[in-house]
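The values are calculated or read from the model by the stated rules, or taken from the named source; none is laboratory data. Small disclaimer: the values here were computed from a predicted structure and weren't measured. Glycine gets a Cβ as well: all are built from the backbone with ideal geometry, and neighbour counts include every protein chain shown. Note: accessible area is taken over every heavy atom of the protein model, side chains too, but ligands, DNA and RNA are not part of it. Shrake-Rupley method; radii C 1.70, N 1.55, O 1.52, S 1.80 Å.
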Amino acid sequence: MDLANFNDYQQNQRMYGGTAGRKMGITYNGKEYLLKFPGNLKEKQMKNINLSYSNSPVCEYIGSKIYELIGMPVHNTILGVRNEKIVVACEDFLEDGDRLYEFDKIKVTFEPHFLDSNGNETNGVGVDLYEIMMTIQEHPFLQDVSGVAEHFWNMFVVDALIGNTDRNNSNWGIILRKDGSKELAPVYDNGNCLNSKWNDEKMQIVMDDAAKMEAEAYKARRCIFELQGRRINPYYIMESMEYQGCLDAVHRLVPEMGRCMSEIQTMIEGIPILSEVQKRFFTSIIECRYEKVLLPVYQK
């Protein structure tokens, strides 16, 4: 694949929020895009990682393309360069007059408030799994939006495949169109996947040790969601078969994952800025999760 050159594009008038890395809007080929830059890595926070910048733009691209290959609605992404940095351009899916309501803004308006599984009153940022399910099921704003619970569990399962640990309440939501209609926003903000802050040395160490690879792939992983105040392992949630919505998502998506696994590998292999170690690590950890957890749960 060829990298796009974003050097000559001026910033547009669209402003974007979020705390992960620098962002700016540009108009590219007649469409509005959000450029995401790699975040700086502070040595005191990222010990033993010899990187100046995170790999989040390329991980955003890979994670989004995997969603696309599996067949889920996702924002369009283009990998490119601006000012000698690797950036990812994410197409803005909002038309003039539309509004995006992230789930945290919906959740905080629930009335009357209810208690999560740890006894705390509901709020926008709380990621208790029971509380999220209750909001999806009961919030009046969501009652005329079809497939919200299905969408949540679909993201839960695909995020488990790509190792996205940060599907928080502010990076998925509902589009309110200017005509008053509502629809699910396509999946967006996928950069916190595939160990985006790791260097080649750390990836190689894990690949050389089967136990470390299994621990990093699924045994020791945690996602953003909690139960009774503790972050959960998404693979254990799937293996427990406790949540029917999760099982339904496994049955929907695992065959699609198997169908496109070779396409995922080809896509990763074709990214010119990746080292051979990165290519092997990304494909190996995805295959490990698929073969050791997702496929066995589906077969059960």
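Only residues that are touching a Lys or Arg at 6+ places or on another chain (Cβ under 6 Å) and either closer than 11 Å to Lys107 by Cα or open to solvent by less than 10 Å² (accessible area, probe 1.4 Å) (or both) were counted across segment 122-152, and they come to 2.
Show the residue pairs that are 6+ apart or on different chains and have beta-carbon atoms under 8 Å apart, the first residue being within segment 61-78 and on the phi > 0 side of the Ramachandran plot, the second being modelled with pLDDT under 95. Cβ pairs passing all conditions: none. Residues that are exposed (fewer than 15 other Cβ atoms within 10 Å of the Cβ), touching a residue at least 12 places away in the same chain (Cβ under 8 Å) and under 30 Å from Ser170 (Cβ atoms) do not occur anywhere in segment 286-297. Can you spot a residue in segment 183-199 that is among the hydrophobic types (A, V, I, L, M, F, W, C) and farther than 24 Å from Pro57 by Cβ? For segment 183-199, residues among the hydrophobic types (A, V, I, L, M, F, W, C) and farther than 24 Å from Pro57 by Cβ: present.
Condition check ((1) of a type in the set (A, V, I, L, M); (2) within 30 Å of Cys59 (Cβ to Cβ)) across all residues:
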residue: Asn83; (1), (2): no, yes
residue: Val88; (1), (2): yes, yes
residue: Phe93; (1), (2): no, yes
residue: Asp96; (1), (2): no, no
residue: Arg99; (1), (2): no, yes
residue: Glu102; (1), (2): no, yes
residue: Glu111; (1), (2): no, no
residue: Asp116; (1), (2): no, no
residue: Thr122; (1), (2): no, no
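Can you pull out every residue in segment 179-227 that is of a type in the set (Gly, Ala, Ser) and open to solvent by less than 60 Å² (accessible area, probe 1.4 Å)? Residues satisfying the conditions are Gly180, Ser181, Ala185, Gly191, Ser196, Ala215, Ala217. For Glu226, state whether it is acidic (Asp, Glu) and touching a strand residue (DSSP E or B) at 6+ places or on another chain (Cβ under 8 Å). Here the answer is yes, as Glu226 does meet what is asked.
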